[in-house]
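Asker: Got a structure for you, written out below as structure tokens; questions coming shortly.
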Amino acid sequence: MEKIILFGSKYCPDCEPAKEFFSGNNVKFAYLDITDSLMNLKRFLKYRDTRPEFNTIKEAGKIGIPCIVINDGEKIIFDYNELKI
């Protein structure tokens, strides 16, 4: 079974639909709100600052949430519709 972390924020309009998608499809996931704690933000920034998947997002001046991290970084995606459930 895959370990899924969804990084998001209560202030992000795209994050709630992602949470609802996972819940509605009975997908086990951990939701980490990057605006709730510095620890969550640091975990997110570890990926954002080092992974090439974020290059285009950073160049566009965006944050990169919702961000779905599968198996501790084995795969990172930004659109939950890309998941094969």
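The values are calculated or read from the model by the stated rules, or taken from the named source; none is laboratory data. Given the structure is predicted, the values throughout are model-derived calculations rather than measurements. Reconstructed Cβ throughout: ideal geometry from the backbone, glycine too, with neighbour counts over all protein chains shown. We work out accessible area using only protein heavy atoms, side chains counted, and drop any ligands, DNA or RNA first. Shrake-Rupley method; radii C 1.70, N 1.55, O 1.52, S 1.80 Å.
Asker: Give segment 12-27 a look and list any residue that's open to solvent by 60 Å² or more (accessible area, probe 1.4 Å) and under 14 Å from the mean Cα position of the chain (by Cα), or say none.
Answerer: Scanning segment 12-27 gives Pro13, Asp14, Glu16, Glu20.
Asker: Residues of segment 18-52 being touching a residue at least 12 places away in the same chain (Cβ under 8 Å), of a type outside the set (Phe, Trp, Tyr) and either over 22 Å from Asn71 (Cβ atoms) or out of contact with any Phe, Trp or Tyr (no Cβ under 7 Å at 6 or more places or on another chain) (or both), which ones?
Answerer: Result: Asn25, Val27, Lys28, Ala30, Asp33, Thr35, Asp36, Asn40, Arg43, Arg51.
Asker: Which of the residues that make up segment 15-63 are touching a strand residue (DSSP E or B) at 6+ places or on another chain (Cβ under 8 Å), part of a loop (DSSP other than H, G, I, E, B) and within 24 Å of Ile85 (Cα to Cα)?
Answerer: Once the filter is applied, which keeps residues that are touching a strand residue (DSSP E or B) at 6+ places or on another chain (Cβ under 8 Å), part of a loop (DSSP other than H, G, I, E, B) and within 24 Å of Ile85 (Cα to Cα), segment 15-63 yields Val27, Lys28, Phe29.
Asker: Which number in (1) part of a helix (DSSP H, G or I); (2) surrounded by 18 or more Cβ atoms within 10 Å (Cβ to Cβ) marks the one condition that Leu6 misses?
Answerer: The failed condition is (1).
Asker: With the condition kept exactly as written, say whether any residue in segment 60-77 is of a type in the set (Gly, Ala, Ser) and under 14 Å from Lys3 (Cβ atoms).
Answerer: yes
Asker: I want to confirm something. Restricting to segment 59-75 and keeping residues that are on the phi < 0 side of the Ramachandran plot and without any contact (Cβ under 8 Å) to a residue 60 or more places away in the chain, which single residue is least open to solvent (accessible area, probe 1.4 Å)?
Answerer: Ile65
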